[in-house]
Amino acid sequence: MNKDKVIIVTGGSRGIGENIVRGLATEGYKIILNYNKSEEQAKKIKQDLSEQNIQIDIFKADVTKREEVKSLIKFCIEKYGKIDVLINNAGISQIKLFTDITDDDWENMIKTNLTSCFYTTQEAVKNMISNQNGCIINISSIWGNIGASCEVHYSAAKSGLNGMTKALAKELGPSNIRVNCIAPGIIKTDMNSELSEEDIQNITEEIPLQKIGYPQSITKCVKWLIEDDYTTGQIISVNGGWSI
Ligand code: NAP
């Protein structure tokens with residue numbers, strides 16, 4: 001394994017992104033944790049890791065804004081001279097009847113979960129193409145594969161990310177850049193904090209492995225994708241068999 005790899009994790013301040021940051025940093029990778037609103041949380045992760053003699057960078061950028069994304073990638077290239085792995089994890093969700101979704105809801109969902117990945121990836125691949133090396137991991141969702149009632153805008157954004165993954169894998173394969181998606185099922189994070197115990201129990205009964213997921217399972221898949229050399233254009237479901 002090449003632990004000199006430089007990795008950007010968007011939305012690394014909480015939930016799945018936080019777990020990915022902690023998991024990769026403790027293995028020795030060079031990590032830039034991107035956050036937007038959760039500055040205190042990002043600082044705490046940096047501090048916790050530094051107490052284990054592990055140094056990471058934290059960088060505030062709203063990934064829906066092209067100029068802020070440019071600054072994030074510029075910081076990475078100026079400090080490390082390269083970017084090896086981009087993990088597009090930042091995202092939002094919203095539960096609403098389709099007929100209640102406003103123009104703002106729609107726009108916010110698409111720009112946070114899809115357009116942001118266009119910005120980060122377009123800025124990052126310039127360096128990857130010149131290095132003829134790279135790995136992009138997009139975190140989509142089970143709902144991008146099979147659709148969720150009352151989450152039409154979320155499902156549409158994540159389906160778009162799946163499509164972007166497959167198309168980019170074809171375009172960037174000749175430059176030795178692998179592009180894959182991880183599509184989680186239900187993972188215990190703030191994103192699902194509105195679900196009651198009863199909701200969770202009902203969902204658990206629908207899952208063949210009979211349990212909800214934890215961020216650690218996504219991190220394991222991320223680690224495998226980083227070190228793999230022959231997988232590209234795939235949407236990898238990590239969902240306990242919830243969709244088969
Ligand atoms: P979470 O706990 O709500 O965390 C979301 C993260 O995204 C936070 O770190 C947040 O950063 C960041 N973020 C949101 N908007 C941002 C922006 N404009 N710029 C930069 N960062 C932004 O969510 P999660 O459950 O970890 O979800 C992570 C990813 O997994 C998302 O793409 C989500 O759609 C996907 N996913 C989650 C589940 C699940 O069940 N949890 C299932 C399928 C897919 P700040 O707080 O610093 O703003």
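The values are calculated or read from the model by the stated rules, or taken from the named source; none is laboratory data. Predicted, not measured: the structure shown is a model, and the values here were computed from it. No Cβ is skipped: glycine too gets one built from the backbone with ideal geometry, and neighbour counts run over all protein chains shown.
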>> Take Ile83 and tell me if it is under 22 Å from Val21 (Cβ atoms) and either surrounded by fewer than 15 Cβ atoms within 10 Å (Cβ to Cβ) or not charged (D, E, K, R) (or both).
In response: yes
> Among the residues of region 28-80, which ones are of a type outside the set (D, E, K, R), surrounded by 13 or more Cβ atoms within 10 Å (Cβ to Cβ) and more than 13 Å from Gly11 (Cα to Cα)?
Replying inline: Gly28, Tyr29, Leu49, Ile54, Ile56, Ser71, Ile73, Phe75, Cys76, Ile77, Tyr80
> Of the residues in region 168-184, how many are hydroxyl-bearing (Ser, Thr, Tyr) and not in a helix (DSSP H, G or I)?
Replying inline: 0
> Looking at region 1-82, what strands (runs of 3 or more DSSP E) fall wholly within it and have at least 1 residues that are basic (Lys, Arg)?
Replying inline: 30-35, 57-60
>> What are the pairs with Cβ atoms under 6 angstrom where one residue, in region 170-183, is small (Gly, Ala, Ser) and the other, located anywhere, is surrounded by 14 or more Cβ atoms within 10 Å (Cβ to Cβ) and part of a loop (DSSP other than H, G, I, E, B)? Sequence gap at least six, or different chains.
In response: Gly173/Thr232; Ala183/Ser140; Ala183/Ser141
> Is there a residue in region 206-222 that is in contact with a Cys (Cβ under 9 Å, 6 or more places away or on another chain) and hydrophobic (A, V, I, L, M, F, W, C)?
Replying inline: no
>> Among the numbered criteria (1) surrounded by 14 or more Cβ atoms within 10 Å (Cβ to Cβ); (2) of a type in the set (S, T, N, Q); (3) over 22 Å from Asn108 (Cα atoms), which one does Thr165 miss?
In response: (3)
>> List the residue pairs whose Cβ atoms are under 7 Å apart, where the first residue sits in region 218-244 and is surrounded by fewer than 21 Cβ atoms within 10 Å (Cβ to Cβ), the second is of a type in the set (Asp, Glu), and the two are 6 or more positions apart or on different chains.
In response: Trp242/Glu206
>> I'd like the full set of residues that are assigned to a loop (DSSP other than H, G, I, E, B) and either over 30 Å from Asp4 (Cα atoms) or small (Gly, Ala, Ser) (or both), limited to region 83-113.
In response: Ala90, Gly91, Ile92, Ser93, Gln94, Ile95, Lys96, Leu97, Ile101, Thr102
>> Condition (residue is assigned to a strand (DSSP E or B), modelled with pLDDT of 95 or more and buried (at least 18 other Cβ atoms within 10 Å of the Cβ)) applied to region 140-161: is it met by at least one residue?
In response: no
